[in-house]
Every structure is written in structure tokens, then in C-alpha cells.
Amino acid sequence: MKSKKFLISMVTVLGLLGFASFAEAGHNYIKYDTTVGKFNGNGYSAEQKKSVAGQKADVSHTSNGGYNVDVRTTSRGSNGKWARNVKAGDSRQLTNGHNKGTRTKLQFSNDLTTRVDTQSRGSWRSN
């Protein structure tokens, strides 16, 4: 009886781990909700693993606290180009040169003159 419960537990854990690795693949949209610091501060999304080398990332920006932000992809080895003045309701494709398998995330930045922290929300995929 103990071995049957153990087997069921292991199958459940492995199934959940398999789903988690699938969910992080770059072709699935994931949500972000990050605070972007005042005076040219930064905020970051969770990471995704790039599934296609060099393909543009897709961003659907739903909210930003009334301030426009700049956004780009970033990884340990490289950064994408900044998309400037992204406002609530914008959808953008972000050019980047990240390799397949690279863990990438979004980097958000406020203007130097933004005197308050802002909250950026939306969803994105790294492709």
C-alpha cells in the first residue's frame, strides 16, 4: 500500500514538473506585473526560455499607472532594442538576437523625469 501511494505521488510530481517546463516555453504568453522605479528606474518580468533563435518577442501591455515606459528583452549575454513610449493598450514586437534556449526576460524603464514608481502589467512571450 505504501509503495502504491509513493508511485502515485511520484507520477503526480513528475506530471506537474512536465507541465511547468512546458509552461515556460517561449511560445506561451505569461503575465507580468512589475514595479518600475522612478527617475529612470527599472522593473523586470519573469524569465522565459527562448524557443526560436532571433524571433521577435511579443508584448501586450495592459496597464502602466498613467505613465509610458520603455521595454526590451534582456538575458545574461545580450539585450534587445528598446521599444520606446509603450502605453497601456499597446502591443509590440521586440527585436532581439537571443539564441534558442536562452533564458530571457523583459526589462522596463521609466523616463528620467518620472518622479514616481509605476506599475507595469500585461503579458508576453519570448518565442
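The values are calculated or read from the model by the stated rules, or taken from the named source; none is laboratory data. Given the structure is predicted, the values throughout are model-derived calculations rather than measurements. With ideal geometry, Cβ positions are generated from the backbone for all residues, glycine too; neighbour counts draw on all protein chains shown.
Among the strands (runs of 3 or more DSSP E) contained in segment 76-127, which hold 3 or more residues that are over 11 Å from LYS50 (Cβ atoms) and in contact (Cβ under 8 Å) with a residue 24 or more places away in the chain? So that I can check it myself, show each step before the final result.
Details: elements: 83-86, 91-94, 103-109, 118-125.
Output list reads 91-94, 103-109, 118-125.
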Which one of these does THR34 not meet: (1) within 11 Å of ASN127 (Cα to Cα); (2) at pLDDT 95 or above? (1)
Per the list (1) in a strand (DSSP E or B); (2) within 15 Å of the chain's Cα centre (by Cα); (3) surrounded by fewer than 17 Cβ atoms within 10 Å (Cβ to Cβ), residue check on ALA46 breaks on (1)
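Looking at THR62, THR73 in this structure, which one is of a type in the set (Ser, Thr, Tyr), in contact (Cβ under 8 Å) with a residue 12 or more places away in the chain and crowded, with 17+ Cβ neighbours inside 10 Å? Step through it out loud before you land on a result.
On the way: THR62 fails: crowded, with 17+ Cβ neighbours inside 10 Å.
Among THR62, THR73, only THR73 is of a type in the set (Ser, Thr, Tyr), in contact (Cβ under 8 Å) with a residue 12 or more places away in the chain and crowded, with 17+ Cβ neighbours inside 10 Å.
Take THR102 and decide whether it is crowded, with 17+ Cβ neighbours inside 10 Å and out of contact with any Phe, Trp or Tyr (no Cβ under 7 Å at 6 or more places or on another chain). Show your work before the answer.
Working: crowded, with 17+ Cβ neighbours inside 10 Å: yes; out of contact with any Phe, Trp or Tyr (no Cβ under 7 Å at 6 or more places or on another chain): yes.
Yes: the conditions hold for THR102.
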Residue that is nearest to THR102 (Cα to Cα) [pool: residues in segment 49-70 that are of a type in the set (S, T, N, Q) and not in a loop (DSSP other than H, G, I, E, B)]: SER60
